[in-house]
Structure formats: C-alpha cells, structure tokens
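See below for the structure under consideration.
The values are calculated or read from the model by the stated rules, or taken from the named source; none is laboratory data. Remember, predicted model here, so these are calculated numbers, not experimental data. Neighbour counts run over all protein chains shown; Cβ positions are idealised from the backbone, glycine included.
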C-alpha cells in the first residue's frame, strides 16, 4: 500500500511543462495563465467548482507572474469567475500601469473542471485507497466523477470560447490576458498547440508564476 508521503509526492506539481512564448507586434497576442496555489491545492482537495482562496504561496506565485507581465501591452482581461482565478488576475496585472484600470470580464466557459461528487474530498485518501482510480479521474480524457465533467467536456467549452474570442481579438486588434485553471489551461494548450489527447491529459501547468502566449493570426 502507498504511504501518505508517496501520495503527496505523486500529487505535487513538480513536473510542470515549460510554457510556450510566442509574441508579435504585428498581430494580437493571447496571454493565458493558471491561478496561483489555492488552499485546496495545498490540502490536496478535489476543488473543481468549489471556491478556494489563494494561499500565501499562491500570492507570491502571482507576484512573480506580475513581474513577467508588467511591460506587456494588454488591452482586455478575462478571468474564470472563480475567486482563485480572479485573485490571481488582480495580482498579475498590478504592476502593469496600463492594465490596472481595465475591467476584469468573467467567463463561465473557462472555469475549472467540475469534479461533481468528488469536490471537497481528499485526493490523498483516494490515492491511499485506490491510486489507479485516482489517476483515472485526474488523467483520463473521458472519465467523469458522478455529476461531474470529464476533461473532454472542459476542452469542448474552452474550444468554444477560443473559437469565438479569437475572432474578437482579430477584429479588435487587441491583446488579451486570461486567468484560468489547470484543466481549462489544458483546453487552451490543446487548441493553440495542436496537442494530442494523450499530450493534453499528460501536461502539467505551473501554478501562477508563468504564462503561455500565443499569436492570433
């Protein structure tokens, strides 16, 4: 049987992939990032659509991100309506003199994946009972918890957001910053990087502290 320490090691974000940086002065650019560490992240809880505020670590991660975004030209801000994403956006734009006055627009399509009946339960406990089942919930493309979503469901709604908003970016010639979540970030990366289903399931995005950027042509 696995130990608690083995469970924590497995569930910690230690293999986050490097995020692509593609920017242009001639075409609109999308800056997209994941929220900083939330209390549920720190406690290894299935968060999903629960509200969970940033920890002190999460705030520091967002402050690192703010340094990276402070000189970017950004014209429009969009966040998931969940508090951890909104808090991250507010900190991430706090050092950019042009973005601090912009309204943060909220969009349900870029929320975190709903974990249904699993929300509020411990990932550690499930790992200790059934590590294969936990991995299936976390890394399968199609498996849903009861009354929850699959990763495929999240990708579909993020794709819809991207398809419509890319048009708006082109039409308005505007650079956009988006604050979202680990699973909705997978949707963005699949859309813009052409990832396979296997790659989409496997990638990990760092909490706060960094962004991906994509040229919209």
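No other residue among 109, 84 is buried (at least 17 other Cβ atoms within 10 Å of the Cβ), at pLDDT 95 or above, in contact with a strand residue (DSSP E or B) (Cβ under 6 Å, 6 or more places away or on another chain) and not in a strand (DSSP E or B) apart from 84.
Going by the conditions given, is residue 78 more than 30 Å from residue 148 (Cα to Cα), crowded, with 16+ Cβ neighbours inside 10 Å, in contact (Cβ under 8 Å) with a residue 12 or more places away in the chain and touching a strand residue (DSSP E or B) at 6+ places or on another chain (Cβ under 6 Å)? Here the answer is no, as residue 78 does not meet what is asked. Residue 167 fulfils the conditions (1) touching a residue at least 40 places away in the same chain (Cβ under 8 Å); (2) more than 19 Å from residue 35 (Cβ to Cβ) except for a single criterion, (1). When residue 199 is tested against (1) in contact (Cβ under 8 Å) with a residue 60 or more places away in the chain; (2) in a helix (DSSP H, G or I), only condition (1) is not met.
Residues in region 145-163 that are surrounded by fewer than 19 Cβ atoms within 10 Å (Cβ to Cβ) and under 19 Å from the mean Cα position of the chain (by Cα): 150, 152, 153, 156, 157, 159, 160, 163.
Count of region 127-143 residues, restricted to those that are farther than 27 Å from residue 188 by Cβ and crowded, with 20+ Cβ neighbours inside 10 Å, is 1. Test residue 148 against the criterion of being assigned to a loop (DSSP other than H, G, I, E, B), modelled with pLDDT of 95 or more and in contact with a strand residue (DSSP E or B) (Cβ under 7 Å, 6 or more places away or on another chain), and give yes or no. For residue 148, the condition - assigned to a loop (DSSP other than H, G, I, E, B), modelled with pLDDT of 95 or more and in contact with a strand residue (DSSP E or B) (Cβ under 7 Å, 6 or more places away or on another chain) - is not met. Among the residues of region 87-106, those that are over 18 Å from the mean Cα position of the chain (by Cα) and either more than 29 Å from residue 153 (Cα to Cα) or assigned to a helix (DSSP H, G or I) (or both) comprise 94, 95, 96, 97, 98, 99, 100, 101, 102. Taking region 170-190 as the range and being outside any loop (DSSP other than H, G, I, E, B) and surrounded by fewer than 21 Cβ atoms within 10 Å (Cβ to Cβ) as the test, the residues that pass are 170, 171, 172. Scanning region 20-44 for residues that are under 16 Å from the mean Cα position of the chain (by Cα) and either buried (at least 19 other Cβ atoms within 10 Å of the Cβ) or on the phi > 0 side of the Ramachandran plot (or both) gives 30, 31, 32, 33, 34, 35, 36, 37, 38, 40, 41. If you check 63, 56 for being free of Cβ contacts under 8 Å to residues at least 12 places away in the same chain, surrounded by fewer than 19 Cβ atoms within 10 Å (Cβ to Cβ) and under 19 Å from the mean Cα position of the chain (by Cα), only one passes: 56.
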